[in-house]
Structure formats: structure tokens, C-alpha cells
1. In the stretch A:426-450, which residues are within 30 Å of A:Val368 (Cβ to Cβ) and within 11 Å of chain B (Cβ to nearest Cβ)?
2. Residues in the stretch A:250-267: is at least one crowded, with 21+ Cβ neighbours inside 10 Å, within 14 Å of chain B (Cβ to nearest Cβ) and modelled with pLDDT of 95 or more?
3. If the requirement is being modelled with pLDDT of 95 or more and at the interface with chain A (Cβ under 7 Å from one of its Cβ atoms), which of these qualifies: B:Glu399, B:Glu411, B:Glu423?
4. Residues that are within 24 Å of B:Ser252 (Cβ to Cβ): list the helices (runs of 4 or more DSSP H) wholly contained in the stretch B:372-454 that include at least 1 such residues.
5. Residues that are out of contact with any strand residue (DSSP E or B) (no Cβ under 9 Å at 6 or more places or on another chain), more than 9 Å from chain B (Cβ to nearest Cβ) and not polar (S, T, N, Q): does the stretch A:170-193 have at least one?
6. Tell me whether the stretch B:143-162 contains one or more residues that are within 11 Å of chain A (Cβ to nearest Cβ), at pLDDT below 95 and under 26 Å from B:His317 (Cα atoms).
7. Given A:Glu431, A:Glu388, A:Glu425, which one is outside the structural domain of A:Val337 (by TED's automatic domain parsing) and either in contact with a Ser or Thr (Cβ under 6 Å, 6 or more places away or on another chain) or more than 25 Å from B:Val164 (Cβ to Cβ) (or both)?
8. Is it the case, given these coordinates, that B:Tyr60 is within 26 Å of the chain's Cα centre (by Cα) and modelled with pLDDT of 95 or more?
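The values are calculated or read from the model by the stated rules, or taken from the named source; none is laboratory data. The structure displayed is predicted, hence computed values, not measured ones. Neighbour counts are summed over all protein chains in view; Cβ atoms, including those assigned to glycine, are modelled from backbone coordinates with ideal geometry.
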There are 2 protein chains.
Amino acid sequence: MTILDALKKILPSEHISDNDTVLEQHSSDESYHTPKLPDVVVFPQTTEEVSQIMKVACEYKTPVVSYGLGTSLEGSVIPYEKGIVIDYTLMNKVLEVRPDDFLVKVQPGVTRKQLERELKKYGLFFSVDPGADATLGGMAATNASGTTSVKYGIMRDQVRDLEVVLADGTIIHTGSMAAKSSSGYHLNGLFVGSEGTLGCFTELTLKVHGIPEQIMAGRAAFQTLDEAVAAVISILQAGIPIARVELVDDQSMKQINLFSDTTYREVPTVFLEFHGNEAGLKQDVAFTKDLLEDHRCQVLAFESNTAARNRLWEARHNTAYAFLHSYPGKKQMVTDVCVPISELAGAIKDGRKAVEASGLTGGIVGHVGDGNYHILLMVDADDPTDIEKANQVNRQIVEYALKRGGTCTGEHGVGIGKAKYQEAEHGNALEIMRKVKSVLDPNNLLNPGKVLYD
Amino acid sequence: MTILDALKKILPSEHISDNDTVLEQHSSDESYHTPKLPDVVVFPQTTEEVSQIMKVACEYKTPVVSYGLGTSLEGSVIPYEKGIVIDYTLMNKVLEVRPDDFLVKVQPGVTRKQLERELKKYGLFFSVDPGADATLGGMAATNASGTTSVKYGIMRDQVRDLEVVLADGTIIHTGSMAAKSSSGYHLNGLFVGSEGTLGCFTELTLKVHGIPEQIMAGRAAFQTLDEAVAAVISILQAGIPIARVELVDDQSMKQINLFSDTTYREVPTVFLEFHGNEAGLKQDVAFTKDLLEDHRCQVLAFESNTAARNRLWEARHNTAYAFLHSYPGKKQMVTDVCVPISELAGAIKDGRKAVEASGLTGGIVGHVGDGNYHILLMVDADDPTDIEKANQVNRQIVEYALKRGGTCTGEHGVGIGKAKYQEAEHGNALEIMRKVKSVLDPNNLLNPGKVLYD
């Protein structure tokens, strides 16, 4: 019996595909990483089916990659060892909203925007906002974050419970619905960010928040990047509970204007957002304005109406796509270090120098409230020189961050792109991670070659 | 060579003790659990010494228990398998304050109040407040939380990095100084809450916060416990970003007055605190007052001056000691379930019934903003009937919580007291925890018998 025959015993044949187009669709992500075709793609509808798939994979010693929507930037979902790709498109239901408990239960294929629409009916929102309309399963797998984590935390902070299918098909739960717990080991934290290397997520219980009484967003334009960074640091130091604080450099502002048909000044800009009650917000915004002006902020524009605010954030979120649009045929290598905030100004300066030295085009955007910034490097994925230049820039940026207590990836995950930095970052703790992997997935079937470099 | 001789080769003899008084001091915690003497207590001064101690323990296959200040409530630090107790009293330095990064590095023996004094110089504070003046190492080991976690999160949320000595003496770091990371597996989360069963913490890097511009605390007295709980739930539903919200029942208020020389009304009471800017706070407090009055709040007293606020929280924190003071010779069994907030009113009602049926004395206090509440059961630890009654109450409360998606321990940890509920709570995920333990501590030397019931 072939593996296809074995899969046909557990899934309807229309939920199994080795059609070229389908294989092709599951061979890559949004990054510069080289695609690779899997052997077969399956579309389970239930946890039980995922469990059966894992049992088949075990029997045939076949690698399994979990696939959300392919918005990964580090090759996390590319099936380099071939085998089975599990696509969760058919497991896309919001199972339960518990407004009184500020909780929601979803299947892994639910996307961020789909959840947002559902929660709005209850006056609730889900806080993690990575930009892309990723699946919640994928966001948990890479421990995604984004613009709002400075106030609400990262994906790991929102996960109360995961239903996980382990390598041998066993189904476990990693947590509960309690807001906190000191019971057992923290499996929630271990599985979030494991990028499909420890198990397949089949259900997620997530924390949600009430939509704030008042939201105010703004843009602050500066003469220099240094002044913009210094202004952000002063806002954080002042203890203003800012909900979003994003840095966009002049090159990125130019791309934003081209792509989003906006007329923002093409200078280093900080995008801000405040959530709270009306009186508190007024005081926070007034204080922030003072701080921004202290750093010679040139233009300051605040918008409290929803449409203007959405336009602002959409423009910000589309920065990466804007670059891709301007450089047809090119791909993106996006750096992703996160450093202690006191090291941020130096890190960005060093990163900018590295890009200039490389001769590549690269815009800077960043979730600077967390000390996390990206350089969007435009590369010709078929040109080894381009790739090597980008790798060199990335390496320099990562080394700078690691030397100063930072991390090689703030939010994109390790995948294949950051595997080579794991030893430098984690030292002998990497051995502990390998031991954990070895007992949970003794045959190395779950997304092999990712996170832990062999 | 005896193990004592081996230890003398690595530690000065005055840092090793098998003196009866010292053994006795390290034989128990603050709970009803039966004490047990260790063989020897050691007082290392450095990480390297802890590493050497673990190597000796490995060689002699001797159990090792890490001991902070013995404020555990579940027997986490009682050396039931005898062996070595590591006391971190001499590792009690605040190593580095990084105000710009909102970070502090401490040794494990630093206590909460010691850290508070140090941070105040920088206008900073550490948010986790379990009541007892525990060590930071102990608080990380049990994943402590307390009154402020409704706003600032639990111990696990504050830990950026741990230096850990593993079972074989290897020294690892579990994280970095970055505010967020998607690199590797989340060892921080795994080690926090592991109660000394996976390694010994020798250094902690913790997140700290700026002291809020304005703090306002208050007391709200109700006619019934049900109304008090309903009022709390309405505050949370309204999205008011409350910093503390504590429930104290009539019996506990009586003990508070006796012990703290206060004259509070002896009725179900909610203690509240707000942190924020002046204008925002004013609006939050006004809104809260309306909500409290909707629930027939009888007395409402707010205090913004520091001394009055401190008196209020000291009284609240001393509730457990107040009961012990009123019942000399008795010990306490403190229940610790945490449930989804929608289940809280029912859980407390059920818990109160269980106490009444048992005939035991027991006051209710709770970090109700998180759905976490305690019943302080007074027991004669030498009377098996008393212990059995208390166990029966505890069992009923835990079963009620687990049936409704809660946890058997919100913040006290598993130790020996909650080990029997691990299987009911975690199901087959317990097997995964056991596997993790088995690869990290193959000889089961680190705090054996705790967390994972054999």
C-alpha cells in the first residue's frame, strides 16, 4: 500500500492532492527562500483526521509540514524534506466566543481578519497584528506579534490552550481557560513558537480584549532617523501606555506614497496609536506631543475617526508589499532582530550602514516600542551575489543584536533562515531544545530541519 | 569520601551545615505539609559553586532541593527524599538595574521587598506581589502572581532570561534581554513554574515598570458576597484597566480588623487600585463608582495618599497571618483554584458551601480579577480528621474548577499538595511533561516527587 492509499483510507479523496498546481502552491512562502514541492497535500476537517494523518506519517516515516496561508518570511512552511503538507483551510471555524471570559476558541485555519469580523459583533478584538492576514495557527506556530505588542503582548501571551496532535497521533491539551496557572510545566509556552516541529495545532483558545472606549492615531515626521528613534524612546521612558509606535524611514515612506496613493512627507516618520478612556487619552496625547516636539518633530497629525485611522495603518502594513510592487521580479529578505531599547538607536544606525555598504535597496520599518525593527532588503532570488550580499547584511545585523543581549528574530520565527544563528544565540541551551524535540518527535517527522539546525 | 567531604572541596566549611537547627529551618514551608529534614544545607555564593554542587549530587545520586525563604504553600521546598538543600541566602545581590530597558538582573536570593527598595531609586517598581516577602528565585520557581497580575501579568510574564544550572551542572541561559523573541523553543516559560525540578536558577533578568504617575486605592463594602463578585465582574466587563481588584469575605475582614487594628466594616469587601495618569484615573474611578453602586455597594472609600494606601494593602496582605494569629497552634491549608471569570461566582458559592459542610473555619480572599480565589482553611496539622476534612474541601473545590475549564493552582504551584490533581487537569499532556523531565533530569535528582506525581 502506498502512502496515498493509506491517506485515502482516512480522508475523502477530494481532500488529498498531488496535483502539480496544489503542490506548487504549498512549496513556498512570502520570502526569498527556495521553494520545494511536497509529495502530497491533505486538507483535514477534524482533529481526528489530523491524528490519523500523523499515524500514517509515523508508519511511513514521512515528514509532515503544517501550512496556514504561507505568509512565513523564514521558510518555516517549505517542505524541504518533501512528504505531507497539512493545509488547514477546511479547519477554519470560530468555534466559540466567550465574551464574559474574554476568550475565543478557533480552529487553526481561521485568519486574523476573519476573527476580527466575528469578534466585532461582541465589541471585542484580537490584539496580535502581524500585518499579513495570516492564520491563527500559523501565528501561534511562529509566535507572531506586530504593531500592538508594545501594549497587548505577543502571540504567546494570548494563548490559553492549544489542542495539539503529537508526532505519534496522540491528542493533548497544553493549558486551560484559566487566566493564570501554576500547574504542571508550561506547555503552552513551549508549543507556541515551535513552528510545527513539536506537534500540529488543531484548536486554539485565545485571549481577546474589549474594543477601547477611545482610539487616537497619529503621524509624526522627523528630519532624521536618529531624532525619530530618540523621540520613541522618550515616550516609552515617560511611561505613556502607547498601543502602537512604529518607525518608518524615508525610503519606506516613499514606497508607501507610491503604493497607497498617500501624500505623506517622505521623511523618517513615527506612526502612533493610543487606546484608553477619553480623558486619559487627551492627557497622554498632549504629553506625547510635547515629547515629540522636544525632538524637533516637523509634522504632527492626529486622527480620531476610524476611516482615517484605518487608512494610516493600512498604508503602514502595506510597506513590504509596496516595495515588492516597485521592484517587480525581486523578492524580499526581511531582517528581524530585536534588541534592548537602549541599544535600538545604535542597532538601526549600524543596520543602515550595512545596507549602504551592500549596495542593496532596503527600507527600514519597525515595531520600535519593543526594540524590534526590520530592513526590507530587495533581492533577486536567482542571483547568488544578491543573496550573498543580503545574507552578509543580515549576518552583521544579527551579530550586532546578539552581542547586545538581543535576539536574531523578534517575531518572524526561525524557519530555515535563522537556524544558522541558533547556536550563537542560545549556546548550550540549544542542546536542551534538541533533547525536548528528540523525546517529542523521536523520528524527526515534524517539520524536519526547521528551528533546530542539524 | 562522603558527600560532606566532597562538598567541602568546593565550598568553605561555614557554607555547609548539617547542624540540627539549620536542617530544621529547611525542613518545612508555611503550609500544613509534614516537615522532613534534609541531610545537609549548603549556602553557595556563585553560579559556579551551584554547578559544582550539582556535579557532586550527580556523582552521589543525591536529591537536591532549591530553597528561597520557605514561603511555599504546597510543600514545594520540603526535602521528602532528603539529600542536599541549596539555600540562596548568600546569592542575594541586585546585579544590574537597566532603567532605560526596564530590566533588572538579580540573584535568586533577592527578596521582593529588597528589590522594591532598590528600584524605587530609579522611579521603577517590580509588579509581582504575592503578599509574602518571597525570594525572586522562589517566585519564578512557582510562577507566583498576586494582587497586581490582573494588570501587569504573572511572574512568567516578567522573566526575560534565567541563568539555570541543570541536573548535570551545565549552566545555560533560557532567554535574552529582548522584549520579545521567536527564536528557539521558549525555555523561559518551561523553567518558570518548574519548582526546582528542571534546574536551579542562579540569575534572573526581570521586566520592571515605571511607577505610575497616579495611584488611587479604595475599599467597597457589600451586603453579600454575591453582590461583591458581580460588581468585580462588571468592572472587568467595562474594560476598566484596574491594577488590583481583591475580594475579602466577612470572616476575613473580621480577622483583618483584629490583626491590623483597623475598623473596616466586617462585610464582604472589594479592595481596588488604579494606576494611570491623573485625568484617566479620575474617569476610571468615577465609572467604577457607578458600577459599584449599581451592585448596592454600601461603603466606598478612596485614598490617594501613599500611607493610607499602604495601610490598606498591608491589611489585605496580612489576612493569612491574621487567621494564624487568631488560631494559635493551627496551620493553614490554602485552596488556590483559578476559573474562567464567568464561573467565579458559582465557584465561590460552591467553595463556601464545602467549607460550611466540613465544619472547618475558613476565610475567602481572592485575586478575583483573574478568577483566582483562596479559602484559608484552619487545620490542626496533627489531627488526621482535620486534614481529611480540609483535603475533602480542597478536592471538591478543585473538581468544580477543573470541570469548568479552570486550574487546580492559580499561583501557589503544585509542590506535593497539588500533585494528585495533575492527571485530572492535564490528562495525557502529563506524559509529555514527564518526558521533558526525564531528558532534563534523567536521574530524578532535582526536587524529586514534586509537580509530577510518581
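1. A:His426, A:Gly427, A:Ala429, A:Leu430, A:Met433
2. no
3. Criteria check complete, one pass: B:Glu411.
4. B:384-403
5. no
6. Taking every residue of the stretch B:143-162 in turn, at least one turns out to be within 11 Å of chain A (Cβ to nearest Cβ), at pLDDT below 95 and under 26 Å from B:His317 (Cα atoms).
7. From the options A:Glu431, A:Glu388, A:Glu425, the qualifying one is A:Glu425.
8. no
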